[in-house]
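The values are calculated or read from the model by the stated rules, or taken from the named source; none is laboratory data. Remember, predicted model here, so these are calculated numbers, not experimental data. Every residue, glycine among them, receives a Cβ derived from its backbone with ideal geometry; neighbour counts consider all protein chains shown. For accessibility, only protein heavy atoms count, side chains too; no ligands or nucleic acids. Shrake-Rupley method; radii C 1.70, N 1.55, O 1.52, S 1.80 Å.
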Amino acid sequence: MEVSSLPISASLRAKLISAGYSSLSSLLSASCSDLARDLKISENEAIGILRVASQRKGSERSNGTSSIVNGAQTAWDMLNEEESLGRITTSCSELDDILGGGISCKEVTEIGGVPGIGKTQLGIQLAVNVQIPMDYGGLQGKAIYIDTEGSFMVERALQIAEACLEDMQEYHGFLKKDLQACQLNRKPEDFLENIFYFRVCSYTEQIAVVNYLDKFISEHKDVKVVIIDSITFHFRQDFDDMALRTRLLGGMALKLMKLAKKYTLAVVLLNQVTTKYIEGSYQLTLALGDSWSHACTNRVILYWNGNERYAYIDKSPSIRSASAQYSVTGRGIRSSVSNCKRVKMMSRVRIMEADTNACIKLDCLYHTPWDAAFPRTRMNV
């Protein structure tokens, strides 16, 4: 149960959430003196809060609502469920390949890198691509974008939406089957209407928004991705108590993991970098420390190799470590320019060698930008 429903004053509830006490279990695990110190209140007030929390916990048990065991699930069922989960394309076929098809639902994926590498661009791309209709291999969902840095650009989102719509129309020209007219008549503005934007300016607001997500998503069941850009910003300043910061981050990560599982959606956390002293030298590493690395299912590191952008799978329980090149273009995230040139060259060679129009048609089908993003939707000609 959440502390936000306790029958105490709003100011005390806000202090509890700010101090990292978001659930009854975390609250009841604290001593009276610790609670008084963390909330900067008297011990008598702390005793009163603990008494109310204890009574509420007891009433839950008497009503039989405290059970957390819902029954076992076989590994076979888990495998079948995992194979049926949808993925969100990044619009870069190489990046999708190393991700196993795209960003997976029911998982928390952390994406980090240096400034200017394209983290926000990728976040906006995912917020648009999650809306791709099911007929085109998408999830036909909506997005929540939590902006902590003020880096979200609605003009850029519109630009990416226009490119996505053009790709859909181009792919529809190759796909010889009837599709719903409403899907073809979509406007770029329709994509923007399906992105729910939250601007947060402090770590307390960030925690409050994350706590609110459960209620919000329950009212908007078609939300399929939650993007936080960035998870780090407000937790890298004004924190003298590192133990408090760790507790706050841990509680927030736990809530996000629960949301991903409960609503079968993808959670994408964009992270910054910091320096770490390793083996006699300072090296770049993702921010928030080693303990935070356990908070995500998958960890992707974006980095420069010369003038080229690369993504590296640093951690994942289901996909192997690998690197892929990508580009940030006017149309959004795309395959790298060098890879595109290689594909075009292969396409020309195959067309020159083709003996029939069917072969030419087949080659074109395999090299549209949309087909590269959705290899499983290719037609058999």
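See the values below:
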| read-out | value |
| --- | --- |
| Any hit, the stretch 253-270, residues being free of Cβ contacts under 8 Å to residues at least 60 places away in the same chain, small (Gly, Ala, Ser) and more than 22 Å from GLY141 (Cα to Cα) | no |
| Within the stretch 10-36, tally of residues that are without any contact (Cβ under 8 Å) to a residue 24 or more places away in the chain and more than 18 Å from LYS57 (Cα to Cα) | 5 |
| Enumeration of residues in the stretch 217-233 that are of a type outside the set (Val, Ile, Thr) and within 18 Å of the chain's Cα centre (by Cα) | SER218, HIS220, LYS221, ASP222, LYS224, ASP229, SER230, PHE233 |
| Residue match in the stretch 200-209 (condition: open to solvent by 80 Å² or more (accessible area, probe 1.4 Å) and either among the small types (Gly, Ala, Ser) or part of a loop (DSSP other than H, G, I, E, B) (or both)) | yes |
| Residue in the stretch 338-345 that is open to solvent by 20 Å² or more (accessible area, probe 1.4 Å), at pLDDT 95 or above and under 21 Å from LEU95 (Cβ atoms) present | no |
| Among residues of the stretch 132-148, those that are modelled with pLDDT of 95 or more and touching a Phe, Trp or Tyr at 6+ places or on another chain (Cβ under 6 Å), counted | 4 |
| Subset of the stretch 1-53 that is among the hydrophobic types (A, V, I, L, M, F, W, C) and in a loop (DSSP other than H, G, I, E, B) - its residue that is surrounded by the most Cβ atoms within 10 Å (Cβ to Cβ) | ALA19 |
| GLU205, sole failed condition from (1) modelled with pLDDT under 90; (2) more than 27 Å from ARG334 (Cβ to Cβ) | (1) |
| Selection count, the stretch 275-316, where residues are within 17 Å of GLY118 (Cα to Cα) and not aliphatic (A, V, I, L, M) | 11 |
